[in-house]
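> Input: one structure, supplied below.
All of the numbers you see were taken from the coordinates with simple rules; none came from a lab. As the structure is a computational prediction, the values presented were derived from the model and not from experiment. Counting neighbours? That spans all protein chains shown, and the Cβs are built from the backbone with ideal geometry, glycine included.
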Amino acid sequence: MKGSWKTSTAGIAAILTAAGAALSAISDSDPATNPDWAALIAAVIAGIGLVFARDNDKTSEQAGAK
């Protein structure tokens with residue numbers, strides 16, 4: 001995360017938003033409300049991809065690649 005803070009921040013935000021939505025659906029008092037597990041998994045995978053991605057304005061050397 002040292003050279004790509006913008007994409008890493010977006011990835012973490014995506015993961016936290018998806019987790020918050022799922023926790024909200026689980027913890028409400030309505031038993032008919034269920035979290036969308038497929039959307040949660042997709043958002044977490046996308047967030048992980050963003051955490052490991054490189055910002056567009058960084059070169060490979062700036063991002064730490066050799």
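> Confirm whether Gly11 is small (Gly, Ala, Ser) and in contact (Cβ under 8 Å) with a residue 12 or more places away in the chain.
It is true that Gly11 is small (Gly, Ala, Ser) and in contact (Cβ under 8 Å) with a residue 12 or more places away in the chain.
> Cβ-Cβ under 9 Å, sequence separation 6+ or interchain: first residue in region 15-40 and without any contact (Cβ under 8 Å) to a residue 60 or more places away in the chain, partner of a type in the set (Phe, Trp, Tyr) and assigned to a helix (DSSP H, G or I). Which pairs?
Here the result reads Ala22/Trp37, each pair linking region 15-40 to a residue that is of a type in the set (Phe, Trp, Tyr) and assigned to a helix (DSSP H, G or I).
> Then there's this: If I ask for residues that are in contact (Cβ under 8 Å) with a residue 24 or more places away in the chain and in a loop (DSSP other than H, G, I, E, B), which ones from region 42-59 would you list?
Passing the criteria: Ala53, Arg54, Asp55, Lys58.
> Still on this structure: From the list Ala10, Ala38, exactly one residue is touching a Leu at 6+ places or on another chain (Cβ under 7 Å) and among the hydrophobic types (A, V, I, L, M, F, W, C). Which is it? Show your work before the answer.
Details: Ala38 fails: touching a Leu at 6+ places or on another chain (Cβ under 7 Å).
Selected residue: Ala10, the only one of Ala10, Ala38 that is touching a Leu at 6+ places or on another chain (Cβ under 7 Å) and among the hydrophobic types (A, V, I, L, M, F, W, C).
> Here is a follow-up. Among Ala39, Ala18, Ala32, which is the only one that is part of a loop (DSSP other than H, G, I, E, B) and among the hydrophobic types (A, V, I, L, M, F, W, C)?
Ala32
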